[in-house]
Amino acid sequence: QCCIRLVVGQSITLRHVVPILGVPDALVPIDPSSPQINLLPGETTAVWVSLNVPCGQEPGLYEGEICITAVRTDSDSKADSLPKSERYQLYKELKTCLDITESRDHSSSEEMILRLSSTSTTLRRMLVLPAFQDCHENNGLGDMMDEDVMNNVAVRVKLSLTVWDFTLPLTPSLPAVFGISETVIEDRFCLEHGTKGWYDALDHHFRWLLQYRISPFFCRWGDSMRILAYTCPWPADHPKANEYYSDPRLAAYAVPYAPILSCTDAAKNSLRREVEILKTEAHWSKAYFYLWDEPLNMEQYEVIRNISNELRTYTPDVRILTTYYAGPSGSELAPSTFEAFTKVPNVLRPHTQIFCTSEWVLGTREDLVKDIIAELRPDLGEEWWTYVCMGPSDPQPNWHLGMRGTQHRAVMWRAWKEGGTGFLYWGTNCYEKAMIPSAEICFRRGLPPGDGVLFYPGEVFSSSKEPVASLRLERILSGMQ
């Protein structure tokens, strides 16, 4: 047993698992200086314990314990009238119940069941508020044990951690690029594009996601699935830019192609200047352009070709990433749908270097991987990345709400097993539009619950401005590790 300590609040964090639509998912931090969770008699909850072993920690066995004590609130200390904070909490909880249960168009029976379950959880949370303490003090448990025993129930949970003699690389060996919607941040936090508050918010989200071995990029969507994707909000000649791009935790970064949304001379000049600066840096090998999400026809493919020709006049070693799940309509690439899908590299060469395909296409047919890889030219610098979005669905690996932990972790395992050299996920904060930070999180209609949402604003659960990780995001980290 080693004597060096792993300290709660530093290497060890405790978080309360809060249900979203009735499914345990939000990991709300527990204050180490005042760790307390309110529960009704007989009610259960879960606590997520994270152990972060710092680099340089001596290998060996580490042991400790968590002490859980049951304490009854002293009813004599309650004020006769509700304080404002408590009244606000009651109002917020009741409003949440109404928002969850109100009828919505196109709601499936499964979604309605999840909403009712979530409402039940919210109502239970309300009943445990101090305002209702005297309503359930005489609940019959006094006949089961003495009051002194009830006030001093304690459980000690033993922890045993083995630290092995190896270190995970600081730079992930498989780049995983995940999108953050800048428009969602602007709307929810009432931020004007380009202001100091806007830069601060993006910077905060970027640094927070880096700890999950993710290479974040910000995104703004245009028409027909055009996408402005960029990793750094500041231009390449800004001191912050080199700080972002040189961070060893960043495995890949997106360079903004500004003309994708506004094809003006100023946008083109800005792009040329950006590329001229970045291509002289050592980190340029991590750069890529993400221009169009899932192009569907030859007209959209032609746009990608034209942009590629422009970029290659700036630098011949440019890397363009294109996502797709099918071959382009209006072409005669091959007799079957899957064959047309595998022939996409022949259409986009040399205008795409990172061919990023949906795992949904493969289903359970891992043998199809060889057909995809056979069409690529590694000698030309071509790579195969994958992504998940609405599909694949259960029982395949994905990050939908309610899937098993193995499915959440196995998304990255699958990418490694199939031989992919990178991974893309379209969104981490793409919930329904809201105009205040504390507004209830509503998943987007038409998408499986949880799709495109891997963390929540801290203001939804407390006064904290720190993002709240989902249980799924923690499992992504586990899968990446």
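Read-outs throughout are calculated quantities, based only on the coordinates presented, and are distinct from any laboratory measurement. All figures in this text were calculated on a predicted structure; none of them were measured in a lab. Cβ coordinates were reconstructed from backbone atoms using ideal geometry, including for glycine residues, and neighbour counts include every protein chain displayed.
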Exercise for review: Order the peptides 353-359, 279-285, 15-21 from the highest to the lowest mean number of other Cβ atoms within 10 Å of their residues.
Suggested key: 353-359, 15-21, 279-285
Exercise for review: Using packing as a proxy for protection, rank 303-315, 418-430, 463-475 so that the peptide with the highest average count of other Cβ atoms within 10 Å comes first.
Suggested key: 418-430, 463-475, 303-315
Check your understanding: Hey, got the dipole for the chain? About the Cα centre, +1 on K and R Cβ, -1 on D and E Cβ, debye to the nearest 20?
Key -> 740 debye
Practice item. Please list, or write none, the lysines whose alpha carbon is within less than 20 Å of the alpha carbon of K433, excluding same-chain residues fewer than 8 places away. Key: K92, K95, K465
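Please work out how much length the chain gains when fully extended from N297 to Q481, using 0.36 nm per residue of separation minus the C-alpha to C-alpha distance, in nm with one decimal. Before the final figure, lay out the partial values.
On the way: separation 184, 0.36 × 184 = 66.24 nm, distance 3.78 nm.
My answer for the length gained is 62.5 nm.
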Study note, to complete from the structure: Helix-only [θ] at 222 nm, the chain, -39500 (n - 2.57) per DSSP H run of 4+, per residue, nearest 500, equals -9000 deg cm²/dmol
Point to revise | In sequence order, calculated HN-Hα J values of region 332-348 (Karplus, 6.51, -1.76, 1.60; Hz; x Gly/Pro) | key: 10, 6, 7, x, 10, 4, 5, 4, 5, 4, 5, 8, 3, x, 5, 7, 9
**Study point:** Under 28 Å from the Cα of K370 - lysines, other chains or at least 8 residues apart
**Key:** K286, K343, K417
Point to revise | Spin-label model distance (nm) - D31 vs M390, 7 Å beyond Cα toward Cβ | key: 4.4 nm
Exercise for review: With no solvent and one equal point scatterer placed on each C-alpha of region 361-418, evaluate the Debye formula and give log10 I(q)/I(0) for q = 0.22 Å⁻¹, two decimals.
Suggested key: -0.90
Study note, to complete from the structure: In terms of the alpha carbon gyration tensor, root eigenvalues a ≥ b ≥ c, rounded if a/c is under 1.5 and otherwise prolate when a/b exceeds b/c or oblate, region 437-481 is oblate
Check your understanding: L40 to A154: extension gain in nm, 0.36 nm per residue of separation minus the Cα-Cα distance?
Key -> 39.4 nm
Revision key, fill the gap. The extension gain from K92 to N269, computed as 0.36 nm times the residue separation minus the Cα-Cα distance, is 58.8 nm
Exercise for review: Output the peptides 401-407, 224-230 sorted from most to least packed, where packing is the average of other Cβ atoms within 10 Å over each peptide's residues.
Suggested key: 224-230, 401-407
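What is the antiparallel percent of DSSP beta bridges lying wholly in the chain, to the nearest 5?
Approximately 55 percent, going by the DSSP bridge assignments.
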